[in-house]
Amino acid sequence: MEKDELPRAMHDMGGVSKFMCDPVDTEPHALTDFDREVDAIRQLLGMRKVMSVDEMRRAIEAIPEGQYLRMSYYQRWMRSITDNMLARGVFTEEELRAALEQAG
Amino acid sequence: MSDILEIPSDRLLAAVRGLLVAKGVMTTDEIAERIRITDGGSPAQGARMVAKAWTDPEYKALLLRDGTAAAEMLAIPMRGLPPLGVLEDTAEVHNLVVCTLCSCYPRAVLGYPPFWFKSAAYRARAVRDPRGLIGEWGTVLPEGVKLRVVDSTADYRWMVLPRRPEGTEGWSEEQLAAIVREGDMIGVTIPSIA
Amino acid sequence: MIAPGTKVRVKLDWPETRGPCHIRTPHYVRGETGVVERHLGNFPNPEDLAFARPAAVKALYHVRFDPKPFWKEGVAPEELVIEIFEHWLEEAA
């Protein structure tokens, strides 16, 4: 069977035909403050055993493909962190809505 | 929360950060400290290891046997981080590292993963068209050199120990470290003194 | 423990089709045959860690494949080495 016909998950990208003709952007891209803070929060959540790296990856992998490909790398992390915190009950949806109001 | 996508990222970050701090999971000082530590990681760390391995056979043996211990020997913090494996390039074999499933990268010794390493194009092409891929950096392997791709799928992080370029005889470790780039330690480029 | 040099086959299994999961065995290598290079160590199963479930410790191997037959188009590398957990490996016929 052709590899492209296998029931792969969308993040499982090795050898996938639709990316084979894409050029690689080899230029350096500076990280934003947003990127670096999300990265730091992820590390702290891991160190505190609040969210393992595999829990974070799983929630990233659950993002629908169309959205996944549109989001930046750290936007995916932010989405995953939020989903994990809600799922684990670190904060509730009501609390998040209130905090978003304040942050807005 | 279904409407989470509609929220601008910065606003979501501010809200989540505020909640994590309010719940006592972390403090803003801890976040700032973690950013400072992470910003300290850079390819210069890995380059020091490569340069030392080029000049010290005992260190090279340790590096290939236990990358974590070899990093710690140069005061690079590794505690609590995934084990580091080191892939040796030879006259016969060139190594290339990819993570097709996400973006596993030897951050402890190379810093934040570069943009290209995380891209769909890199992740897809590295296992199926690696010579075309490294050609994007202008890299061409000598004829007869075997290309060995390492898909970093699980608990290790991998870096490449490239070959020491000709014309560097008698150079100091510092001089050697200065020519080793990020891409050389992933395998998309090859160190040169040109 | 699987000895270096042992021929192994990666299970042809698709947990992705059965519900939420987190798999560290790439799709392109499932059902393929390779050779164990070495035992890398033992690590908690990420398939359970991803759901915050108790995770059994599993042996992790570096397994080498010849990927040339994997795809009809493209020029695959001469060797492809992948970290694969023991529960994804079976004896090759």
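Coordinate-derived values only; no laboratory data. Being a predicted model, the structure only gives us computed values, none of them experimental. Note that each Cβ is placed from the backbone with ideal geometry, even for glycine, and that neighbours are counted across all protein chains shown.
Annotations for the structure displayed:
- Here B:Lys60 is the anchor, and the lysines within straight C-alpha reach of less than 17 Å, apart from those fewer than 8 places off in the same chain, are B:Lys52.
- Measuring from each cysteine beta-carbon in the protein assembly as shown, the ones with no other cysteine beta-carbon under 4.7 angstrom are A:Cys21, B:Cys102, C:Cys21.
- Simple label model, 7 Å out from Cα along Cβ direction - B:Val93 to B:Ser172, nm: 3.4
- Among A:Gly66, A:Gly46, A:Gly15, the largest mean-square fluctuation in a Gaussian network model of chain A (Cα springs under 10 Å) belongs to A:Gly15.
- Most positive-pole-ward Cα, B:Ala51, C:Gly34, B:Thr27, against dipole of the protein assembly as shown from beta carbon charges: C:Gly34
- In summary, the lysines within cross-link reach of A:Lys49, defined as a Cα separation below 18 angstrom excluding same-chain residues under 8 places away, comprise B:Lys23.
- Per-residue ellipticity at 222 nm, computed for the protein assembly as shown from helices alone with -39500 (n - 2.57) per DSSP H run of at least four residues, works out to -10500 deg cm²/dmol.
- Antiparallel bridge percentage (DSSP; both residues within the protein assembly as shown; nearest 5): 55
- Euclidean distance of C-alpha centroids, the range B:55-104 and the range A:81-98, integer Å: 38
- Shape of chain A, Cα gyration tensor, a/c cut at 1.5: prolate
- Centre-to-centre separation between the Cα atoms of the range B:145-194 and those of the range B:109-128: 16 Å.
- With each label modelled as a point 7 angstrom along the Cα→C-beta vector, the B:Ser42-A:His29 pair spans 2.2 nm.
- Residue with peak Gaussian network fluctuation, chain B [Cα springs, cutoff 10 Å], from B:Ile134, B:Ile35, B:Ile179: B:Ile35
- Within a Gaussian network of chain B (alpha carbon springs, distance under 10 Å), most fluctuating of B:Glu92, B:Glu169, B:Glu30: B:Glu30
- In this label model, B:Arg11 and C:Arg18 are separated by 4.2 nm, measuring between points 7 Å along each Cα→Cβ vector.
- Scanning residues 5 or more positions from B:Val150 or on other chains, those with amide H under 5 Å from its amide H are B:Leu96, B:Val97, B:Val98, C:Val81, with H placed 1.01 Å from N in the peptide plane.
- Of the trypsin sites (Lys or Arg not before Pro) in the range B:35-121, those whose Cβ has at most 12 other Cβ within 10 Å and which sit in DSSP loop: B:Arg79
- Contact order, relative form, for the range B:41-185: 36 percent (alpha carbon pairs under 8 Å, 6 or more residues apart, mean separation divided by residue count).
- Separation of the range C:43-93 from the range B:19-51 is 31 Å, based on Cα centroids.
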